[in-house]
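The values are calculated or read from the model by the stated rules, or taken from the named source; none is laboratory data. Quick caveat, the model's predicted, so the values are computed rather than measured. Because the Cβ atoms are built from the backbone with ideal geometry, glycine has one as well, and the counts that use them run over all protein chains shown.
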């Protein structure tokens with residue numbers, strides 16, 4: 001998906017998407033959640049103690065997620 005298409009789906013400017021991709025430090029959580037939804041991604045949240053257990057889920061490989069999204073184009 002191109003930046004302009006993502007921006008339209010979220011309801012923001014293309015510049016917002018560019019800044020978000022670069023790690024925008026103060027991105028509004030509602031817009032971030034809309035971006036995840038538009039990209040068909042899920043955000044899982046766990047308590048810190050749960051992450052410390054041996055059965056904790058390993059953090060997702062962001063590079064792999066982006067690569068899969070690029071292949072869908």
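Could you list, ordered by first residue, the pairs with Cβ atoms under 9 Å in which the first is in the stretch 3-22 and at positive phi and at pLDDT 95 or above and the second is assigned to a helix (DSSP H, G or I) and surrounded by 12 or more Cβ atoms within 10 Å (Cβ to Cβ), at least 6 apart or interchain? From residues that are at positive phi and at pLDDT 95 or above, the pairs are 11/31; 11/34. Of the numbered criteria (1) at pLDDT below 90; (2) at positive phi, the one residue 40 fails is (1). Number of residues in the stretch 32-49 that are touching a helix residue (DSSP H, G or I) at 6+ places or on another chain (Cβ under 6 Å) and free of Cβ contacts under 8 Å to residues at least 24 places away in the same chain equals 1.
Among the residues making up the stretch 1-21, those that are under 18 Å from residue 67 (Cβ atoms) and either touching a strand residue (DSSP E or B) at 6+ places or on another chain (Cβ under 7 Å) or not in a helix (DSSP H, G or I) (or both) are 1, 2.
I'd like the residue in the stretch 43-66 that is surrounded by 11 or more Cβ atoms within 10 Å (Cβ to Cβ) and modelled with pLDDT of 80 or more and, out of all such residues, is nearest to residue 1 (Cα to Cα). My answer is 66. A search for C-beta distances below 8 Å between a residue of the stretch 50-72 that is within 15 Å of residue 36 (Cα to Cα) and any residue that is modelled with pLDDT of 75 or more and surrounded by 10 or more Cβ atoms within 10 Å (Cβ to Cβ), counting only pairs 6+ apart in sequence or on different chains, returns 65/41; 69/1; 69/39.
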